[in-house]
Structure formats: structure tokens, C-alpha cells
Amino acid sequence: MQMPTYDLMMQEDMMNNCGVKSAIAGVMGGALGVAFGVFTASLDTQGIDAAPMGETKPTRQVLKETWMLMKEKSKSYAKGFAGMGFLYSGTECMIEKYRAKHDNWNATLAGCATGGLMAAPGGPKAMCFGCASFAAFSTAIEYFTGGH
């Protein structure tokens, strides 16, 4: 058995930092949001104007409209996924450090906090529903992936 090197200890310390975890989750959530936005925009024909009956649109115009729709959806999804990933990861990390335990309750509590905060503009009722639904989802994900 070997002692860990200085570099390995520094990497471990950095990954145990809640700010770093949150930033990574935010970036990865944003990337996932971009991919999801591109995918959903490629299936959506609602945002593209149809040509009048009997006429066809130039390919360049169709591609431009499709690109604009993809850009719009990707930006929207990226903001949402990045914010959610950042908030959830940071909350779970802080709860875990506060409780000094590494168990499924951290995910449940972080899910409740994240769901409630994300639904805050909708009022108290929406916050309660957001808390319950996101906590249930987080708990299910932890259970099925064998999280802790």
C-alpha cells in the first residue's frame, strides 16, 4: 500500500470543495441542456414558418430558421439545466458536510431544497410541490443507481 502523493491529495481536496462540485455540475448541466435543446428543436416544426401553399422555401432559409430555433431552445434548456445542476450539487454537498454523513438522506434533502427554490417564483404552493416532487425524484435516482 502506498501513501498518496501531494498531487493526488490536492486533487481530492479540490473535488471535496462544494464550489468546485457545483461549478462542474453547472457546466455539465449546461452542456446537457444544449444537447437536449438541439435534439428537441430538430423534432419541433412549430417554430419554423411554413411556405404558402404550392410554394417551397429556399433551403438556406429553412436552415437559417432551424438554426435560430435550435439556438433559442438550446440556450433556454442550458440555462435551466445548468442552474438546476449547480443548485442541486451545491445543496447536496453543503448538506453532506453539515450532517457529516454520506447517505441517501442528503439527496432527498437537497432535492427538496432545490425543487422548492426552483419553484419559488410560483409561490408557496408551487414551492411545496417542487420540494416534494424533486425530493421524490432524487430519492428514486439514488435508490435505483445505488448511490450511497
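If the requirement is being polar (S, T, N, Q), touching a residue at least 60 places away in the same chain (Cβ under 8 Å), part of a helix (DSSP H, G or I) and in contact with a Gly (Cβ under 9 Å, 6 or more places away or on another chain), which of these qualifies: Ser76, Ser89? Of Ser76, Ser89, the one residue that is polar (S, T, N, Q), touching a residue at least 60 places away in the same chain (Cβ under 8 Å), part of a helix (DSSP H, G or I) and in contact with a Gly (Cβ under 9 Å, 6 or more places away or on another chain) is Ser89. Before we move on, is Glu12 open to solvent by 80 Å² or more (accessible area, probe 1.4 Å), in contact (Cβ under 8 Å) with a residue 12 or more places away in the chain and in a helix (DSSP H, G or I)? The answer is no for Glu12. The sole residue among Lys71, Lys21, Lys57, Lys79 that is charged (D, E, K, R) and touching a helix residue (DSSP H, G or I) at 6+ places or on another chain (Cβ under 6 Å) is Lys21. Only one entry in Leu63, Leu69 is open to solvent by 80 Å² or more (accessible area, probe 1.4 Å), at pLDDT below 95 and either in a helix (DSSP H, G or I) or not small (Gly, Ala, Ser) (or both), namely Leu63.
The values are calculated or read from the model by the stated rules, or taken from the named source; none is laboratory data. For clarity, every value in this text was computed on a predicted model and none was experimentally measured. Positions of Cβ are backbone-derived with ideal geometry, glycine not excepted, and every protein chain shown enters the neighbour counts. These accessible areas exclude ligands, DNA and RNA; they are computed on the full protein's heavy atoms, side chains included. Shrake-Rupley method; radii C 1.70, N 1.55, O 1.52, S 1.80 Å.
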